[in-house]
1. Considering only residues that are exposed (fewer than 14 other Cβ atoms within 10 Å of the Cβ), in a loop (DSSP other than H, G, I, E, B) and out of contact with any helix residue (DSSP H, G or I) (no Cβ under 8 Å at 6 or more places or on another chain), look in region 169-198 and name the one that is modelled with the highest pLDDT.
2. Within region 22-40, how many residues are touching a helix residue (DSSP H, G or I) at 6+ places or on another chain (Cβ under 9 Å) and either over 11 Å from residue 8 (Cβ atoms) or in a loop (DSSP other than H, G, I, E, B) (or both)?
3. Taking region 68-81, which residues are under 26 Å from residue 58 (Cα atoms) and surrounded by 14 or more Cβ atoms within 10 Å (Cβ to Cβ)?
4. Please go through region 71-93 and give me each residue that is over 20 Å from residue 121 (Cα atoms) and in contact with a strand residue (DSSP E or B) (Cβ under 8 Å, 6 or more places away or on another chain), ordered by number.
5. From 36, 48, 91, grab the single residue that is surrounded by 12 or more Cβ atoms within 10 Å (Cβ to Cβ) and without any contact (Cβ under 8 Å) to a residue 24 or more places away in the chain.
6. What number of residues within region 150-168 are in a loop (DSSP other than H, G, I, E, B), over 22 Å from the mean Cα position of the chain (by Cα) and free of Cβ contacts under 8 Å to residues at least 24 places away in the same chain?
7. Being over 30 Å from residue 184 (Cβ atoms), modelled with pLDDT under 95, over 20 Å from the mean Cα position of the chain (by Cα) and surrounded by fewer than 16 Cβ atoms within 10 Å (Cβ to Cβ) narrows it down to one of 84, 20, so name that one.
8. Of all residues in region 94-106 being out of contact with any strand residue (DSSP E or B) (no Cβ under 8 Å at 6 or more places or on another chain) and closer than 12 Å to residue 73 by Cβ, which is surrounded by the most Cβ atoms within 10 Å (Cβ to Cβ)?
């Protein structure tokens, strides 16, 4: 499969040791080679054909990393209180450094927090299927907008003419997301001008007169 091909896939990820499923996604559209899924899984998808299914095993170094004891930190409980938090074992926290960790224990006024990824050190297995190649421009643009906005958008209309594309979007889409998607549309699809048209949809609402 060529890089930058839009495809619809389904996949399920589980921990090899326990069989516990940690991720399951059906019928999502991605751009192969753009790291819209786990990079190692993305590399595997690039070697697949439409209609193909595979069961693959990914080692920790290529999955969620090797466990690092240096990422287990002792943090004073007073630091949590400074952020209006009361720590407890099992709590997930993010303090200042933008790393998410899990509180392991609390003892003598200090909390032991593990900042390793929860799946660090685990061999993982994926069942992945490439269901179809996506050709419709509306689907391609919607997939990019949904991925970067983390929002389901439903139907979306585009109008492409030459190297210009016009995209209808709801007004709730973040401007930074629109800029990122425009960059991707240019890089992947080759358009030199991306225009957004904000659509305010009042369908289904009752129309009221001035004297209502």
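The values are calculated or read from the model by the stated rules, or taken from the named source; none is laboratory data. Since this is a predicted model, take the numbers as computed values, not measurements. A quick note on method: Cβ atoms are made from the backbone with ideal geometry, for glycine too, and the neighbour counts reach across all protein chains shown.
1. 190
2. Count: 10.
3. 71, 72
4. Here is the first cut: in region 71-93, the ones over 20 Å from residue 121 (Cα atoms) are 74-89, 91, 93.
The answer is 74, 75, 76, 77, 80, 85, 87, 88, 89, 91, 93.
5. Numbers: 36 fails: without any contact (Cβ under 8 Å) to a residue 24 or more places away in the chain; 48 fails: without any contact (Cβ under 8 Å) to a residue 24 or more places away in the chain.
Answer to the check: 91.
6. 2
7. Result of the check over 84, 20: 84.
8. Residue satisfying both the conditions and the ranking: 99.
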